[in-house]
1. Filter segment A:33-51 for residues that are within 13 Å of A:K71 (Cβ to Cβ) and more than 11 Å from chain B (Cβ to nearest Cβ); which is surrounded by the most Cβ atoms within 10 Å (Cβ to Cβ)?
2. Could you check segment A:65-96 and list, in sequence order, the residues that are open to solvent by 10 Å² or more (accessible area, probe 1.4 Å), over 17 Å from B:P44 (Cβ atoms) and not in a loop (DSSP other than H, G, I, E, B)?
3. For segment A:2-64, give me every one of the strands (runs of 3 or more DSSP E) that falls completely inside it and has 2 or more residues that are farther than 21 Å from B:M91 by Cβ.
4. Within the group B:L108, B:L47, B:L21, which residue is surrounded by 22 or more Cβ atoms within 10 Å (Cβ to Cβ) and within 22 Å of A:V88 (Cβ to Cβ)?
5. Check B:T50 against each of (1) within 12 Å of chain A (Cβ to nearest Cβ); (2) without any contact (Cβ under 8 Å) to a residue 40 or more places away in the chain; (3) within 16 Å of B:L108 (Cβ to Cβ); (4) part of a strand (DSSP E or B) and name the one condition it does not meet.
6. If you go through segment B:24-38 one residue at a time, how many are open to solvent by 20 Å² or more (accessible area, probe 1.4 Å) and closer than 16 Å to B:R60 by Cα?
7. What pairs come up if the first residue lies in segment A:13-40 and is at pLDDT 95 or above, the second is surrounded by fewer than 12 Cβ atoms within 10 Å (Cβ to Cβ) and among the hydrophobic types (A, V, I, L, M, F, W, C), and their beta carbons are under 8 Å apart, counting only those six or more places apart or on different chains?
8. Within the group A:T110, A:T59, A:T7, A:T101, which residue is among the hydroxyl-bearing types (S, T, Y), at pLDDT 95 or above and surrounded by fewer than 17 Cβ atoms within 10 Å (Cβ to Cβ)?
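The values are calculated or read from the model by the stated rules, or taken from the named source; none is laboratory data. Every value quoted in this text rests on a predicted model; they were computed, and no experiment measured them. Every residue, glycine among them, receives a Cβ derived from its backbone with ideal geometry; neighbour counts consider all protein chains shown. Surface areas here come from the heavy atoms of the whole protein model, side chains and all, with no ligands, DNA or RNA. Shrake-Rupley method; radii C 1.70, N 1.55, O 1.52, S 1.80 Å.
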Amino acid sequence: DTAVSQTPKYLVTQMGNDKSIKCEQNLGHDTMYWYKQDSKKFLKIMFSYNNKELIINETVPNRFSPKSPDKAHLNLHINSLELGDSAVYFCASSPPWGGGTDTQYFGPGTRLTVL
Amino acid sequence: QKEVEQDPGPLSVPEGAIVSLNCTYSNSAFQYFMWYRQYSRKGPELLMYTYSSGNKEDGRFTAQVDKSSKYISLFIRDSQPSDSATYLCAMSLTGANSKLTFGKGITLSVRP
């Protein structure tokens, strides 16, 4: 039973294309996140949604647009892909925000390569 | 200066060695400190969690937090080849389920 799943696992595309990554969690969590991990393994938060509401929006180009149709799903759409967007994108989810000792649970990642 | 600095690595040790992994941070408001382990081509998973200063032990793993020095450590005793992974420190102002700021990660290889 997969807790946090992402599709696709691998994505290879040309510069300038638009692509989407989907994330689903079956943990009943309220909060979901998108992280980007670069080639040097640096993991940085991009967005966070709590019960379909955007609560974190880090300094991310507006070519990246997250969408949460319901609290179990958080998708990431990327317009006009650039070479520097090549990275592994992780989705994560957690119980309600703040003060908790429970952790964030990460998905397996989507490895995006822009040619 | 990055908010969280982590020894860059990679680190290679023989099986059975004691491993020490370290992070320093600049934001004294961080209260929650975590270590995540990430196997190759997998997502990070929580290994240790500590609130404020002190030590926490779980089996072969010990996490230490020294808030006065803004320094955290993870010790692995009797290291095993299965410990070979990337270890990421992470910190938060308000909880393990809040916005996490990660270190760059260090890749550990334990040689049989």
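1. Among residues in segment A:33-51 that are within 13 Å of A:K71 (Cβ to Cβ) and more than 11 Å from chain B (Cβ to nearest Cβ), the one surrounded by the most Cβ atoms within 10 Å (Cβ to Cβ) is A:Y49.
2. If the condition is that a residue be open to solvent by 10 Å² or more (accessible area, probe 1.4 Å), over 17 Å from B:P44 (Cβ atoms) and not in a loop (DSSP other than H, G, I, E, B), then A:S65, A:P66, A:K67, A:S68, A:P69, A:D70, A:H73, A:N75, A:H77, A:L83, A:G84 are the ones that fit.
3. A:4-7, A:10-13, A:19-25, A:53-57
4. The unique qualifying residue is B:L21.
5. Condition not satisfied by B:T50: (3).
6. Of the residues in that region, 1 qualify.
7. A:T13/A:L115; A:Q14/A:L115; A:M15/A:L83; A:M15/A:L115
8. Just one listed residue meets the conditions, A:T7.
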